[in-house]
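The values are calculated or read from the model by the stated rules, or taken from the named source; none is laboratory data. Everything numeric here is computed off the predicted structure, so don't read it as measured data. Here the Cβ is made from the backbone with ideal geometry for all residues, glycine too, and neighbour counts use every protein chain on show. Accessible surface is based on the protein model in full, side chains and every heavy atom, while ligands, DNA and RNA are left aside. Shrake-Rupley method; radii C 1.70, N 1.55, O 1.52, S 1.80 Å.
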Amino acid sequence: MTVAAVLLAAGRSSRFGATDKLLAPFCDAPLVSFAARAVTGAATDHRIAVVASTAVAEALPSFHLVRPSHDTCAHSKSLAAGVRAAVQSGANRVVVVLADMPLVTSDMIRAVIARSQAHQASAAWDGSSLLPPACFHASMFGRLMTLSGDSGARAVLRN
């Protein structure tokens, strides 16, 4: 099993104001650094970050950086860019992590990966909803790359 972690960090943070949310200080460090540290600690085979901002990209030096090829920052387009990069890296599983979730841990990412199976996705669970991080098998990559809108992989997880 070859696993690529895809850190989605290309949002515009428009509801956050003029400041880039991912660079905003949280516990004395940029918000993005917490998810990045969790991904790094999960020891996946490949680390990919989908970024739109040069400043966010500079905060992720140990990641292969991918820039989405779109003007709008729809979540589905960032996800597709990350999955395409994972396919190019030879991964047969992708674990998707959102960059604005500072409480996600390496242990949580590893557990989600361990629970994924061929043809079955796995995700974190808060008792009522499936949440990122989420792990997908290669058989789901095509569907992940053709999603549209801002709901990301939710539809794939529901199935």
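Here are the numbers for the structure shown:
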item: Condition check for Ser106: open to solvent by less than 20 Å² (accessible area, probe 1.4 Å), of a type outside the set (D, E, K, R) and farther than 23 Å from Ala52 by Cα; result: no
item: Tally, over the range 78-123, of residues that are polar (S, T, N, Q) and under 21 Å from Ser33 (Cα atoms); result: 3
item: Contacts under 7 angstrom Cβ, first residue in the range 135-159 being in contact (Cβ under 8 Å) with a residue 40 or more places away in the chain, partner loosely packed, with under 13 Cβ neighbours inside 10 Å, 6 or more apart; result: His137/Ala118; His137/His119
item: Residue selected from the range 49-67 under the condition closer than 14 Å to Gly82 by Cα and out of contact with any strand residue (DSSP E or B) (no Cβ under 6 Å at 6 or more places or on another chain), by the criterion least open to solvent (accessible area, probe 1.4 Å); result: Ala52
item: Selection from the range 111-159 of residues that are among the basic types (Lys, Arg) and under 14 Å from the mean Cα position of the chain (by Cα); result: Arg154
item: Top-ranked residue of the range 109-139 - restricted to ones that are among the small types (Gly, Ala, Ser) and open to solvent by less than 20 Å² (accessible area, probe 1.4 Å), ranked as farthest from Ala9 (Cα to Cα); result: Ser116
item: Qualifying residue in the range 75-90 (condition: open to solvent by 60 Å² or more (accessible area, probe 1.4 Å), at pLDDT 90 or above and in contact with a Phe, Trp or Tyr (Cβ under 9 Å, 6 or more places away or on another chain)); result: yes
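Listed here are the residues, each with its yes/no results for (1) at pLDDT 85 or above; (2) open to solvent by 40 Å² or more (accessible area, probe 1.4 Å); (3) closer than 20 Å to Pro68 by Cα; (4) assigned to a loop (DSSP other than H, G, I, E, B).
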residue	(1), (2), (3), (4)
Arg12	no, yes, yes, yes
Arg15	no, yes, no, no
Thr19	no, yes, no, yes
Ser33	yes, no, no, no
Ala38	yes, no, no, no
Thr44	yes, no, no, yes
Arg47	yes, yes, yes, no
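Conditions tested, residue by residue: (1) closer than 12 Å to Ala9 by Cβ; (2) assigned to a loop (DSSP other than H, G, I, E, B); (3) in contact with a helix residue (DSSP H, G or I) (Cβ under 8 Å, 6 or more places away or on another chain).
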position: Ala55; (1), (2), (3): yes, no, yes
position: Pro61; (1), (2), (3): no, yes, no
position: Ala81; (1), (2), (3): yes, no, no
position: Gln88; (1), (2), (3): no, no, no
